[in-house]
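One structure is given below, encoded as structure tokens.
Please treat every number below as a calculation from the coordinates, not as lab data. Quick caveat, the model's predicted, so the values are computed rather than measured. So basically every Cβ, Gly included, is an ideal-geometry build from the backbone, and we count neighbours across all protein chains shown.
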Amino acid sequence: MKLAVLAGDGIGPEIVAQAVRVLEALKADGLPIELEYGLIGGCAVDATGEPYPEATHRLASQADAILLGAVGGPKYDALPRHQRPERGLLSIRKELNLFANLRPAILYPELASASSLKYDVVAGLDILIVRELTGDIYFGEPRGIDIRDGHRVGFNTMIYSESEILRIAHVAFQAARKRQKKLCSIDKMNVLECTQLWRDIVTEVAKDYPDVTISHMLVDNAAMQLVRNPKQFDVMVTGNMFGDILSDEASMLTGSIGMLPSASLDQNNKGLYEPIHGSAPDIAGKDLANPLATILSVAMMLRYTFNHEESAYRIEQAIRKVLASGLRTKDIAEPNMPVVGTKAMGDAVLSLL
Ligand code: NAD
């Protein structure tokens with residue numbers, strides 16, 4: 001299990017340090033984990049002038065999986081676009097062809113009061129959104145702004161090829177197999193031909209997965225159902241643009257940005273694993289950041305890249321027990337609850353692992 005560890009900027013090094021402690025503990029228990037460290041984002045710009053240096057690309061290409069903290073910070077906001085830390089993130093996703101973005105939205109019952117929805121609607125929520133990440137209207141050609149008949153027009157192209165739909169559909173069915181075996185595919189086939197093809201192909205792929213129950217939903221209804229009754233979903237799969245919107249909606253149902261991991265996978269389940277939050281410069285270096293999203297990213301890595309469900313479950317159970325014991329970092333604490341720092345939260349997870 002060769003891992004590239006890219007801590008990045010802001011709170012990145014603090015939260016990744018806690019996730020590395022978990023990896024070291026699993027290694028001591030016999031998992032064949034090898035860690036190598038590299039630079040990405042602002043720290044890479046400081047050291048090399050590039051947000052995604054060649055040495056990092058080599059390291060990431062040779063690894064089986066990449067653990068990333070976060071990138072960015074006010075220090076870099078005035079840099080030209082190609083040198084911005086966020087460019088490092090886009091480059092690594094593109095260069096490694098990480099086309100499948102997996103974003104769980106999990107709400108631990110102990111944290112249900114962090115959600116803006118009623119307790120009964122969200123307590124125990126556990127959804128996985130599988131979003132296609134490298135195609136669709138965000139990349140389709142032609143695109144642009146033109147003058148036509150003397151008027152300005154703006155246009156983009158929504159386009160998916162059969163192979164792009166096939167590969168994301170397989171990722172989604174396989175992910176569903178590792179969960180409750182229910183997959184809902186989201187499209188807008190009543191209006192958009194591109195998504196009619198999406199539905200047709202997902203329906204064909206479903207025949208390879210008779211153990212997974214497939215359903216289809218129009219995106220407008222899906223947006224509504226996510227706030228009406230989100231617990232009806234297990235895994236949702238959709239294209240780049242619909243997924244962009246629905247995954248943010250779903251993650252915000254949980255109200256706790258410091259708790260949510262993500263994965264971006266290529267065709268061979270090599271993956272980049274990272275918390276969904278940013279580098280939180282406002283709390284960097286203060287031992288205030290919640291490391292749980294990053295530690296949960298390690299659990300996702302073990303499940304999706306290494307097929308090591310047992311270790312993934314072990315990490316998730318340790319975190320559940322930590323939360324049940326009442327331990328909270330500041331971002332997830334209710335008023336009057338005692339609060340612990342980043343390192344103490346790491347200590348607690350390790351002791352329950
Ligand atoms: P952010 O996610 O960094 O922070 C938003 C708020 O959430 C802040 O108040 C922050 O303190 C809090 N927060 C975030 N993570 C937390 C954690 N683990 N524990 C406790 N509190 C946490 O978003 P932002 O402030 O909009 O962006 C800050 C920087 O991060 C920017 O430079 C942005 O470009 C970058 N960014 C990077 C990524 C990434 O690396 N994937 C994603 C989003 C934003």
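Would you order HIS151, HIS216 from fewest to most other beta-carbon atoms within 10 Å of each residue's own beta-carbon? Please report the intermediate quantities before stating the final value.
Values: HIS151 7, HIS216 17.
In increasing order of surrounding Cβ atoms, one gets HIS151, HIS216.
Where nothing but the Cβ of Lys and Arg (+1) and of Asp and Glu (-1) is charged, how large is the charge dipole of the chain around its Cα centre, in debye to the nearest 20? If you can, show how the numbers build up before the last one.
Numbers: 36 positive and 44 negative charges, 96 e Å.
That gives the chain a dipole magnitude of about 460 debye.
Rounded to the nearest Å, what's the spacing between the alpha carbon centres of region 20-90 and region 274-326? Just the number, please.
Between the Cα centre of region 20-90 and that of region 274-326, the gap is 17 Å.
Hey, can you grab everything whose amide H is under 5 Å from the amide H of MET236? Only 5+ residues off in sequence or another chain; H modelled, so Pro and N-termini drop out.
LEU128, ILE129, VAL130, CYS184
Separation between the GLU193 and VAL227 pseudo-spin-labels, each 7 Å from Cα along Cα→Cβ, expressed in nm?
Going from the GLU193 label point to the VAL227 one covers 3.4 nm.
Less than 13 Å Cβ to Cβ from GLY73, Lys/Arg counted +1 and Asp/Glu -1: what total charge do the surrounding residues give?
Charge balance near GLY73 sits at -3.
Just the number, please: percent antiparallel of the DSSP beta bridges in the chain, rounded to the nearest 5.
45
May I ask you to list the GluC sites (Glu not before Pro) in region 30-78 that are in a DSSP loop and have at most 15 other Cβ atoms within 10 Å of their Cβ?
Numbers: sites: GLU34, GLU36, GLU54; in loops: none.
For GluC sites (Glu not before Pro) across region 30-78 that sit outside H, G, I, E and B with at most 15 neighbouring Cβ atoms in 10 Å, the list is empty.
Return the FRET efficiency for the residue pair LEU35, MET337: r is the Cβ-Cβ distance, R0 is 22 Å, and the value is rounded to the nearest 0.05. Numbers along the way, then the final one.
Values: r = 34 Å, r/R0 = 1.54.
Once rounded, the FRET efficiency stands at 0.05.
For the chain, what does the helix formula give at 222 nm: sum of -39500 (n - 2.57) over DSSP H segments with n ≥ 4, over the residue count, nearest 500 deg cm²/dmol? Could you put the intermediate results ahead of the total?
Working: 12 runs with 143 residues, N = 353.
It comes out at -12500 deg cm²/dmol, rounded to the nearest 500.
Can you tell me, using C-alpha contacts under 8 Å and at least 6 residues apart, the relative contact order of region 241-353 as a whole percent? Provide the component values of the computation, followed by the final result.
Working: 147 pairs, mean separation 26.6, N = 113.
Once normalised by length, the contact order is 24 percent.
For GLN180 and SER163 in the same chain, what is the full-extension length gain: residue separation times 0.36 nm, less their Cα-Cα distance, in nm?
Details: separation 17, 0.36 × 17 = 6.12 nm, distance 2.61 nm.
Between GLN180 and SER163, full extension yields 3.5 nm more.
Length gain on complete extension for the stretch ARG320 to HIS82, per 0.36 nm per residue less the alpha carbon to alpha carbon distance? Please list the in-between numbers first.
Working: separation 238, 0.36 × 238 = 85.68 nm, distance 4.06 nm.
Contour length minus Cα-Cα distance gives 81.6 nm.
Cα-Cα over 26 Å: which of LYS2/LYS178; LYS181/LYS330; LYS118/LYS286; LYS178/LYS231?
Numbers: LYS2/LYS178 23 Å; LYS181/LYS330 35 Å; LYS118/LYS286 33 Å; LYS178/LYS231 17 Å.
With Cα atoms farther than 26 Å apart: LYS181/LYS330; LYS118/LYS286.
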